[in-house]
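Rule-based calculations on the coordinates, nothing more; no lab input. All of these numbers come straight from a predicted model, not from anything done at the bench. Virtual Cβ from ideal backbone geometry, glycine too; neighbours counted across all protein chains shown.
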Amino acid sequence: MAERIIELRDIKKSYGQVYALGGVNLSVDRGEVVGLIGDNGAGKSTLIKILSGVVKPTSGEILVRGKPVAGWSAARSREAGIETVFQDRALAVQQTIVRNIFMGRELTGFLGWLKVNKEIEEASRLMREIGFTSKVFTPQSIVGQLSGGERQGVAIARAIYKQAELIILDEPTTALSLTETAKVFHFVRQVRASGRSILFIGHNIHHVFDIADRFVVLDRGKVALTADRSEVKSADDLINFMEDVAHPGGLPGLHEGVDAEQRA
Amino acid sequence: MSKAMEPDLQSPLGGTRGAAAGKEWNHPSDHWLRGFVLDNRASLGTLAVFVVMMAVFMIANPTVFTTWYLYSSVLTTLPVALFVVVPLVFVVTCGEIDLSFPATMGFASWVFALVVQAGYDPFLGIAAALVTGTLLGFLVGSLVVYGGLSSLIATLGMNFLLRGLIQIINEGKSTALTNLADSWAYAIFSSQVWGIPVQIFWAIAFVVFSALLYNRHRFGAQVKVVGDNPDSAKQMGIDVKLVRVKVFVFTGIGAAIAGTFSVMINFTWWPTAGDGYLLPVLASVFVGGTPTWGGIGTVVGGAIGAVTVSFIQTGVVAAGLSGFYVQFFNGLIIILSLLGHKWNQARYR
């Protein structure tokens, strides 16, 4: 069995009286692409925030490479080799590409002084590797001048620096053109080929279906389905299942994992 | 990225390579001078405002502006302002504001005066003032950041509170420090070299160090990112609150240095020490080209802004106008500078 990069056990998160997550189990193995799907309000964003350490779970356990971790935080998550490309890209638009790529992980030498030239060098290397280069911008261009796809490139470049073991892509294809979407898919395949893992979150089920090895469907804060690629025949299967989950009783339960009574 | 992926890059999706290899990055301003101007447009704009203003003054009264005395008097008081203008650029870049620095100046220089009056070496007094400034900066910063208060209102409140404490305890009485003139500390920090007040050299060193801190150090990089997008900074593992507290501590230290210098210049500590600096210092930061919305700024621009603001008062009077014109010109320069910067800077948020 492949090494388990990260595992969430019975993660719960409540905001006051409202439960965003009601006991989620999720794991990602080395070299696999996990597609996470779910309707608005299913708890996808909360789950990503917990994985990236921005939000702390109310209860539950987080295991990195089989070992439980204490004091989970954004910095700890990045140290563990988990990088997140957030839906809003999480870029500081008034800063240069370099400053964004090294945000929170500045290359410093003596007493915290920046290694400016090294940073520029590394940034151009990263941008070249993922094919986000252009004649009109340099590593020292301001991110606010870039297009949506180029900004996505900066966010991805930031994620692949330091050989992250797991890259979380939150709605990476939203608001991107067809060519830019193709670039993102190309990138996902590259990462898988290099033996690293991806958690791919998407609204577009066809996109997720095309790229993922395993699917996790989230519904109202719970995992409604976990299925391997071989178990799902087509994207329509997934869509039907999600409609089924969203409107229980409309169709007879076709799939495993749903406990109608528990939800009621 | 690992070597295993390299061959993939030659695919059509990998972007245009080959002929353009080695020259993928093309700056629109490949010429170094054009790049320099683009990168420093805010501070160069401020410099232009200063040059134009001085030209107008000189045309109005050429003879006064050739006398050294005029510049000497500005160079005596300007350093005090510089020590607070520069940290405030960090504060404003971080998306905050600090109105409590005048009281911190008064408080830290009071501690300095007490130590010197008690007969201790002025160096010890400077150290005590720096510790006081650091602690007050930490107090104000913690109140704003961990108390979750608006920095505008909370620091205004702290300014009144600390100044009030000084007034209550001193009941308006000043402290004369006559023995200061014979000390080593005075010779090093407040005497004259070739007729130039020596404190300006310390202030310039402080500006240069801070400009490096701002542009070439992790602290400056994180201050800018936090001011630009605090949510992203947090997501990338930056301790946003700590960075915010640090900028207030930096201002506290700057205010302590400024307060100590102002006492050394006058040989006297007044309970109102620092009060007059509030508005000119704030004006200098914004005249210097640091915008109000955070994320970007310029230390050198702020310093030039301070020079500009210092010269307004002296210049107006020296140009032969009555003192009643000073405020009018202050306002005019501020408004013109803001309009200039708005035209000069692209805003991305």
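Computed on chain A, with alpha-carbon pairs under 8 angstrom and 6+ residues apart, the relative contact order is 25 percent. Within chain B, the ratio Rg/Rh, alpha carbon atoms throughout and Rh by Kirkwood, equals 1.05.
For A:SER27, the residues whose amide H sits under 5 Å from its own are A:LEU8, ignoring neighbours fewer than 5 places away on the same chain, with H placed 1.01 Å from N.
Toward the positive end of the charge dipole of the range B:162-288, with +1 on the Cβ of Lys and Arg and -1 on the Cβ of Asp and Glu, the farthest Cα among B:GLY288, B:LEU213, B:LEU180 is that of B:LEU213. Just check the range A:125-221 against the gyration tensor rule for me: Cα atoms, a ≥ b ≥ c as the square roots of the eigenvalues, rounded for a/c under 1.5, and otherwise prolate or oblate depending on whether a/b exceeds b/c. Prolate is the answer for the range A:125-221, as a/c is 1.5 or above and a/b outweighs b/c. Shape analysis of chain A places it in the prolate category; the axes a ≥ b ≥ c from the Cα gyration tensor give an a/c of at least 1.5, with a/b above b/c.
Every Cα-Cα pair in the range B:73-132 was counted, and those over 19 Å apart are 44% of them.
Note on the range A:3-88: the C-alpha convex hull projects to 5.8 nm² when averaged across all orientations. Charging the Cβ of each Asp and Glu at -1 and of each Lys and Arg at +1, and nothing else, the dipole of chain B about its Cα centre rounds to 560 debye. Couplings 3J(HN,Hα) of the range A:8-25, computed from phi: 10, 10, 6, 7, 10, 9, 10, 10, x, 8, 8, 8, 7, 10, x, x, 9, 10 Hz, in residue order, whole Hz [Karplus 6.51 cos²θ - 1.76 cosθ + 1.60, θ = phi - 60°; x for Gly and Pro].
Taken about its Cα centre, the protein assembly as shown carries a charge dipole of about 860 debye when Lys and Arg each add +1 at the Cβ and Asp and Glu each add -1 at the Cβ. For B:GLN192, the residues whose modelled amide H falls within less than 5 Å of its own, excluding neighbours fewer than 5 places apart on the same chain, are B:VAL198. With the biggest extent put first, the Cα atoms of the protein assembly as shown measure 92, 59, 41 Å across the principal axes. Of the residues B:VAL240, B:SER262, B:VAL299, the one whose Cα sits farthest toward the positive end of the charge dipole of the protein assembly as shown, with +1 on the Cβ of Lys and Arg and -1 on the Cβ of Asp and Glu, is B:SER262.
In units of the rule-of-thumb radius 2.2 N^0.38 Å, the range A:91-163 shows an alpha carbon radius of gyration of 1.03. The calculated P(r) of the range B:113-190, using every Cα pair and 5 Å bins from 0, goes 3, 13, 17, 18, 17, 14, 11, 6, 2, 0 in percent. Across the options B:SER191, B:VAL225, A:ASN40, the greatest Cα extent toward the positive end of the charge dipole of the protein assembly as shown (unit charges at beta carbon of Lys, Arg, Asp, Glu) belongs to B:SER191. Fraction of C-alpha pairs exceeding 19 angstrom in the range B:260-329: 50 percent, rounded to a whole number.
When each of B:LYS224, A:LYS44 is scored by the number of other beta-carbon atoms lying within 10 Å, the sequence from fewest to most is A:LYS44, B:LYS224.
Counting neighbouring beta carbons within 10 Å and listing from fewest to most, the residues A:THR84, A:THR108 come out as A:THR108, A:THR84. Taking the DSSP beta bridges with both ends in the protein assembly as shown, the antiparallel portion is around 60 percent. Calculated over the range A:43-191, the projected area of the Cα convex hull averaged across directions stands at 10.1 nm².
Mean-square fluctuations from a GNM of chain B, with a 10 angstrom spring cutoff on Cα atoms, peak among B:GLY148, B:GLY220, B:GLY133 at B:GLY148.
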